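To keep things clear, I will list the structure first and then write my remarks on it.
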Amino acid sequence: MAMNPMQKKARTSFLLGMFLTLILTGIVIVFLILQLGKIKKEQAAIIYKDVYVISQDITSGGKIDGSLITKKVDSTVAPNNAITLENYGTYISELTTAKIGLEAGTILTTDMVNIDGQPDTPDVRLQEYNMVILPTNLRTGDSVDIRLRLPSGEDYIVISKKHIEQSSANTIWIKVREDEILTMSNAIVEAYIMEGSLLYATTYTDAGIQDSTTPTYVVSSSIMNLMDADPNIAGTARNALATRYTELARAQRNNTINSAVNSFAGDAISNVQDKVAEEIQKQQSARQQYVDSLTLY
């Protein structure tokens with residue numbers, strides 16, 4: 001049956017449209033293939049660098065080791081001084097700390113870390129203290145000085161720049177040397193004796209770049225004699241003690257700390273007994289909570 005002119009025209013237009021559509025589709029496909037090939041060539045030309053990225057927030061002065069993951073990034077994007085697989089061993093160890101606060105996702109660079117730490121001496125121990133007044137916003141990873149304030153207002157640095165290894169509401173765990181253990185013990189007992197005294201911690205604002213302070217608290221003569229005879233105190237610590245405990249320092253102790261302690265002589269034993277009992281109660285309670293938590297697993 002013959003087509004009328006209108007049907008023939010419509011069919012011709014349809015076929016022409018299909019033909020043009022196929023041509024345009026072919027052009028688009030060819031263009032996409034060429035672009036894909038170009039992208040692949042560009043990607044093949046990119047040089048990737050394996051860098052280290054912070055996996056969790058680290059405070060200034062906090063330890064770096066164990067907080068890193070590797071990530072491949074375009075070498076043109078990575079900082080020139082990024083810590084990579086090649087130089088990791090030079091800059092990162094269990095002693096490495098952050099100079100500044102670092103957020104998770106940060107590419108670690110050599111100018112962000114301190115690598116001048118010293119390994120623990122044989123006399124270093126992880127010590128738990130629950131009688132130190134802690135800052136409200138203290139966090140694990142912060143660095144602190146432990147200070148003793150006398151009832152008269154004199155204020156002394158007992159031990160300086162201690163990294164908070166672990167913390168709870170009223171307890172901290174810090175690494176201390178033998179001489180620091182004895183110094184803290186002396187300060188704790190004297191704080192117990194003197195009503196109105198305060199043994200407290202102060203936090204470094206930027207521990208990564210702030211130097212440690214020089215302790216100013218002078219131990220009693222009996223503790224100093226104990227230190228002199230203690231074979232567990234490392235040579236470097238002993239030299240530092242000799243430098244600190246001069247005749248002038250001892251005289252100042254006699255005029256201030258000894259005087260303050262002696263003013264409580266009548267109540268010294270009962271004050272210490274009460275405070276030690278409180279300390280033991282805190283420790284027993286915390287220990288029981290820890291043991292109970294273990295039974296949940």
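Read-outs: derived from the displayed coordinates by stated rules, not from any lab. None of these values were measured; they are calculated from a predicted model.
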If one builds a Gaussian network model of the chain from Cα atoms under 10 Å apart, the most fluctuating residue listed among N130, N271, N225 is N225
The set of residues whose placed amide H lies less than 5 Å from the amide H of I83, leaving out same-chain residues fewer than 5 positions away, is Y52, L108, T109, T110
How far is the Cα center of segment 194-226 from the Cα center of segment 228-285, in Å?
-> 11
Sorted by chain and number, the residues with a modelled amide H under 5 Å from that of Q56, at a separation of 5 or more or across chains, are G105
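If you average 1/r across every pair of different Cα atoms in the chain and take the reciprocal, what Kirkwood value do you get, in Å? Present the calculation step by step, with values, prior to reporting the outcome.
Numbers: mean 1/r = 0.0406 Å⁻¹.
Answer for the chain: a Kirkwood hydrodynamic radius of 24.6 Å.
Remind me, relative contact order of the chain in percent, using alpha carbon pairs under 8 angstrom and six or more residues apart?
On the way: 428 pairs, mean separation 45.5, N = 297.
Relative CO of the chain lands at 15 percent.
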Gain in length, L24 to V291, computed as 0.36 nm per residue apart minus the alpha-carbon separation, to one decimal in nm?
-> 88.7 nm
q = 0.12, 0.21, 0.28 Å⁻¹, segment 48-114: log10 I(q)/I(0) [Debye, one scatterer per Cα] | -0.25, -0.77, -1.35
Helix-derived [θ] at 222 nm for the chain: sum -39500 (n - 2.57) over DSSP H runs of at least 4, divide by residue count, nearest 500?
-> -13500 deg cm²/dmol
